[in-house]
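Read through the structure below, which is laid out as structure tokens, and then see the notes.
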Amino acid sequence: MSMFSTGILVLTSPLHTLPLRIAPVLTSAAQVVERTLYVHLHPGLNLGASVGQPRPVFIPPVVDVSSLITGLYSNAANVCAHLDVRVLLTNVCAQPNVAACPGTGLSGGAAANPFPSPQPLSHSPEVVLTDFALQDPGQSRLVTQCLQRYAGNCYVCKPGLASVLLHPQQEKEEPGDRGGRSEPMKTYSEVVVGGTFDRLHGAHKTLLNISCLLANKRFLIGVCDQDLLKKKVLKELIEPYALRVQHLREFLQDVKPSLQYDIVPLSDPFGPSVVEAQLECIVVSEETRKGGEAVNRKRIENGLPGLVLHEIQLLKDAHHTEIEEEKISSSSLRSRLLGTLLAQANETPHLPLVPYLIGLTGGSGSGKTSIARQLEALGAVRIDTDQLGHETYRPGEVVYNRVLEEFGPEFMNEDKTINRRALGLKVFGNKKRLKALTDIVWPEIALRLKQRIQQAREEGKQVCVVDAAVLLEAGWTDIVHEVWVVVVPEEEALSRVMARDGVSQEDAIRRLQSQWGTARQVEHANVVLCTLWEPEVTQRQVRKAWDLLQKRIQQRMERAKPHS
């Protein structure tokens, strides 16, 4: 079956039976759609009626809808994690003067149309799918045509919209499964939530969808920024604030465009939630409930009424590893990015195809050298620029003479060699003196580096790893095809440097502050690795990075072949 980039899934089964159908329906949908899958709810929709075109109706917010949203995102994370699933709520709204909605057991606004004109979506659907069960195989043509018209009346779709009827096997029903909870949910004029919202995943979407379900007028979202990110795992890989807000706005505008959305940065745990009197409800999880309670204490201190705490359940991550959380979380997603290609490498037509050059860098204490040795064990030629630097300091070399001229003979050992450690302590923390030293040393290292690369090329080596702590500062990125950056939290790097080099905390801090920060390094990275966890975890990262690199090199070689 042809794959479509974006599709819309119209769910017609009664709400209380859908939990048994979600996983197989999503599995089937993932065989048709490859990027974005919108989900539209219309329980009881009859697409096989021979008379009249079915029209969308309002579905009231009930407990079953909230449970279904959670189940949809939870199952999507398990069976089709590659899909961007979005549950649409434009037609889910409490309406006055409702009439019975046939076949659903719910009330719906039969006279009102939630779509006075088709709603535009961020990605226009190319195919519409449904779980509607045919009573007669001869209905197929009628149902697909009816489905296409229905979808086109609700949403702006691509011309030539295709339609697909899904026929998944329903999961076995357990005793007590029948009979849903159709009691209405209490809704509120204004709802607030807070979070980091890095790389929107199923747990974020559940939180946002249920908040949209609860809100009738305004939805306030606080997005963590600045100091609130400092203790996050792999904070260097957190998307920029502006990008996170952009993704939030796009998602929310798709889900429920009738709401007023206010997105604000949070530099403290409370933000506007403790000062805006008109807020009525805060949505929390079991994990963040204490934060919600703290918000209420602050509000009461400020003379404001407390907020209703609406708690949602955490979503389990069926694919988590030993270094990841059991729940679906952004930190787990960031850990899965380690070793993968985060950014395409720049074009390097000035560099020969072979060897492929990896520039490996990271701050002091990052574990860069241990990763370089692991890559060497996998078959790469390791070029240690620190060792090249040692060579330039030998008596009689250009660097040796110029350093003594610049800094004086007090840095000379008894055997006439330069005391690099004492020299380093002198220049770290003094930008002017550090630049004077690097202006002498770096050009000479670069010359030797190019000589080693040429030697590896003549020997027919396929991959070289340039192990260089100052790769970025020295501007050596034009010598390599890709930049790989090794990161660890600052406090971990500090303790490693103190233990390894036997220096004081003050000296270790000065050394780290004289280098580029990890966030700045990651901005230039094609691949990021982290040595925070057990050695076996790092080894798996390196192996993954190496295997993916081999595929990129192979593709590069294929592209370079002359076409007959």
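The values are calculated or read from the model by the stated rules, or taken from the named source; none is laboratory data. Model, not experiment: these values are computed from the prediction. A quick note on method: Cβ atoms are made from the backbone with ideal geometry, for glycine too, and the neighbour counts reach across all protein chains shown. These accessible areas exclude ligands, DNA and RNA; they are computed on the full protein's heavy atoms, side chains included. Shrake-Rupley method; radii C 1.70, N 1.55, O 1.52, S 1.80 Å.
Mean sequence separation of contacting Cα pairs (under 8 Å, at least six apart), scaled by the length of region 400-507, corresponds to a relative contact order of 15 percent.
Within a straight-line Cα-Cα reach of under 16 Å, LYS290 can be paired with the following aspartates and glutamates, leaving aside sequence neighbours fewer than 8 residues apart in one chain: ASP268, GLU311. What the chain shows is 48 Å² of accessible area per residue, with the surface traced by a 1.4 Å probe over protein heavy atoms. Excluding same-chain neighbours fewer than eight residues apart, the lysines reachable from LYS416 by a Cα-Cα span under 25 Å are LYS426, LYS435. The helix-based estimate of mean residue ellipticity at 222 nm for the chain, built from -39,500 (n - 2.57) per DSSP H run of four or more residues and divided by its residue count, is -11500 deg cm²/dmol to the nearest 500.
For GLN555 and ARG543, the difference between the fully extended length at 0.36 nm per residue and the C-alpha to C-alpha distance is 2.5 nm.
For ASN46 and LEU134 in the same chain, what is the full-extension length gain: residue separation times 0.36 nm, less their Cα-Cα distance, in nm?
Working: separation 88, 0.36 × 88 = 31.68 nm, distance 1.00 nm.
Roughly 30.7 nm would be gained on extension.
How far is it, in nm, from the label point at GLU491 to the one at LEU425 when both lie 7 Å from their Cα along the line to the Cβ? Going by the 7 Å Cα→Cβ label model, 2.7 nm. In terms of overall dimensions, the C-alpha atoms belonging to region 500-546 reach 37, 25, 13 Å along their principal axes, ordered largest to smallest.
Site pair THR417 and VAL264 shows an inter-label distance of 6.1 nm when each label is modelled 7 Å from Cα along Cα→Cβ.
Across all directions of projection, what mean area in square nanometres is found for the Cα convex hull of region 186-272?
Result: 5.5 nm².
Region 336-388 and region 233-261 have Cα centres lying 33 Å from one another.
Its relative contact order, with pairs defined as Cα atoms under 8 Å and 6+ residues apart, puts the chain at 13 percent. For the pair LEU378 and PHE115, label points projected 7 Å from Cα toward Cβ lie 4.8 nm apart.
The ratio of the alpha-carbon radius of gyration of region 220-308 to the globular-protein estimate 2.2 N^0.38 Å is 1.18. Using the Cβ-Cβ distance between THR17 and LYS290 with R0 set to 41 Å, the FRET efficiency works out to roughly 0.65.
Kirkwood radius for the chain, taken over all pairs of different Cα atoms as the inverse mean of 1/r, rounds to 27.6 Å. Computed over all pairs of different Cα atoms, the Kirkwood value for the hydrodynamic radius of region 334-405 is 15.5 Å. The calculated FRET efficiency for VAL156 paired with LYS230, based on their beta-carbon distance and R0 = 35 Å, is about 0.25.
Please report the net charge: other residues with Cβ closer than 15 Å to the Cβ of PHE132, K and R +1, D and E -1. With Lys, Arg at +1 and Asp, Glu at -1, the neighbours total +1.
With both residues required to sit in the chain, DSSP beta bridges show an antiparallel share near 10%. One decimal place: the segment GLN253-VAL398 gains 45.8 nm when fully extended, by the rule 0.36 nm per residue minus the C-alpha distance. Surface composition of the chain: carbon plus sulfur atoms contribute 51% of the solvent-accessible area (1.4 Å probe, protein chains only, all chains present).
Take the Cβ-Cβ distance between ALA499 and ARG199 as r, set R0 to 35 Å, and report the resulting FRET efficiency rounded to the nearest 0.05.
FRET efficiency, ALA499 to ARG199: 0.55.
Between region 541-559 and region 414-479, what's the alpha-carbon centroid distance in Å? One Cα centre to the other: 27 Å. With contacts taken as Cα pairs under 8 Å at a separation of at least 6 residues, region 295-402 carries a relative contact order of 8 percent.
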